[in-house]
1. The range B:16-57: percent of C-alpha pairs farther apart than 13 Å?
2. Distance check, please: which entries in A:127/B:21; B:142/B:179; A:26/B:21; A:21/B:26; A:21/B:21; A:142/B:127 exceed 31 angstrom between their Cα atoms?
3. Distances from residue B:147 to the same position in the other copies: list them in nm, one decimal, shortest first, using label points 7 Å from Cα along Cα→Cβ.
4. Mind checking the mean number of beta-carbon atoms from other chains within 10 Å of the Cβ atoms in A:153-159?
5. Kindly sort B:128, B:100, A:164 by accessible area of their heavy atoms, largest first, with the probe set to 1.4 Å.
6. Measure off 7 Å from each Cα along the Cα-to-Cβ vector at residue B:152 and residue B:100, then give the distance between these two points in nanometres to one decimal.
7. Summing +1 for each Lys or Arg and -1 for each Asp or Glu, what net charge is found among the other residues whose Cβ lies under 14 Å from the Cβ of residue B:46?
8. Report P(r) for the protein assembly as shown: all Cα-Cα distances, bin width 10 Å, range 0 to the bin holding the largest distance, values in whole percent.
There are 2 protein chains.
Amino acid sequence: MSEGKRSAGRPRDAEAAGTIKAATLKLVRERGYEAVSIAAIASEAGVARQTLYNRWNTKADLVLDAVFEETGRYASAPLNDPTQTSRMQLERFLVQVFEHLAENGSTIRALIAAAQENNGFREIFRKHFVNPREEIVTDLLKRAQERREIGQDCNINILSSFVHGAFWYALLNGDTLDKDFARNIADEIFRSDRKSSGQG
Amino acid sequence: MSEGKRSAGRPRDAEAAGTIKAATLKLVRERGYEAVSIAAIASEAGVARQTLYNRWNTKADLVLDAVFEETGRYASAPLNDPTQTSRMQLERFLVQVFEHLAENGSTIRALIAAAQENNGFREIFRKHFVNPREEIVTDLLKRAQERREIGQDCNINILSSFVHGAFWYALLNGDTLDKDFARNIADEIFRSDRKSSGQG
DNA sequence: TATATTATTAGACTACCGTCTATTAATCCG
DNA sequence: CGGATTAATAGACGGTAGTCTAATAATATA
């Protein structure tokens, strides 16, 4: 269903999307989300503003597409390493996420803000950004449960929302997200006593 | 230092602040944060726009002041009830917060968004909204630790960020915040095994 | 009373978002 | 080739936030 027949009419400029995303990436990295206007991106890309709106609904949709195209890629591969304890896998995942955030944290904050102001974008953001990352942690916790590293009666979804919530909360409140924080989260999730109970 | 000497110049209209906050409260409740403009508030209050900006820096500051004047009041009193388990106190606190959120959740979400787009407001919001609420949970957990309801070696700050993070995360992602969620959070924080370890 | 000082008001101003329109360009199909 | 159709472009448009200015009003002080 991706290309199909190009029924009729002038076709879209095949290069425009790439050019626009490159311009977006460049400007957002240089100046930050808030300081970049749609007009500036269009100008940098050498297209009319409408060409942008033909492809993305809002600035937030465009930036999500341009800056986080690699969604889910950065964390999936190195994580499922059965030779490591789940606690260590979680800590390493969080360190990785926090390093990513040091570069893109302000953009992510802006997108979270945009998601609050725009219902359409909230769903897009959730589907393309939030859910994939949540799944990584949920899967990790499920494996941990299978390996008896946490109790069978633990509520995986709640623990997952503890993990994600903790760093959203820190991110949005301007706290520092460092290795200590990653270790403390992993410690508290995988307390030695957490694996002691029931068999589910 | 509150009134001091009114050195010179025309004094501020003593009633204006109240009138403006009342108008803000009314319109935000009726239409929601995004749909209310500063111009509409000024018009409703019967003052010029500048009179608003003489008192608050941004729409977010005004709304925080108007809608959440009672910050910290709604939850502090009934919470410290030593006849209840700490787990129960936490669950009741969360239920109370979630009920409050059912009414004001969308405004809070808008303010969290505004805090991402405005550094000045982020600090105000943190000081007047986030920190007082965080302290309630931190205090509750400290008392729980004194009463040996959780382990002496638990990291109170991390547990507190689990609790707050969990509902921020749910709130910002449009999840439902119900009694089950409150119970599940309290259950997972106060797992029976969490109190089993070290003496700090 | 006269002066300095501050508040209020109306309205101009810049900058932005997202929509819309009219014109021109590129393609398909008969 | 000649319509039909869709894209790209330039620019107008309405709505909003927050700043700024000029005129007027209210107060303290000399």
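The values are calculated or read from the model by the stated rules, or taken from the named source; none is laboratory data. Here the structure is a predicted model, which means the values were calculated and not measured. With ideal geometry, Cβ positions are generated from the backbone for all residues, glycine too; neighbour counts draw on all protein chains shown. All accessible areas refer to the heavy atoms of the entire protein, side chains included, with ligands and DNA or RNA removed. Shrake-Rupley method; radii C 1.70, N 1.55, O 1.52, S 1.80 Å.
1. On the way: 370 of 861 pairs.
In whole percent, the long-distance tail amounts to 43.
2. Correct reply: A:127/B:21; A:26/B:21; A:21/B:26; A:21/B:21; A:142/B:127.
3. Residue B:147 label point versus its equivalents elsewhere: 3.7 nm.
4. Mean inter-chain Cβ contacts per residue within 10 Å come to 4.
5. Numbers: B:128 90, B:100 30, A:164 5 Å².
Ranking B:128, B:100, A:164 by accessible area, largest first, yields B:128, B:100, A:164.
6. 3.3
7. So the environment of residue B:46 carries a net charge of 0.
8. 4, 19, 27, 24, 16, 8, 2, 0
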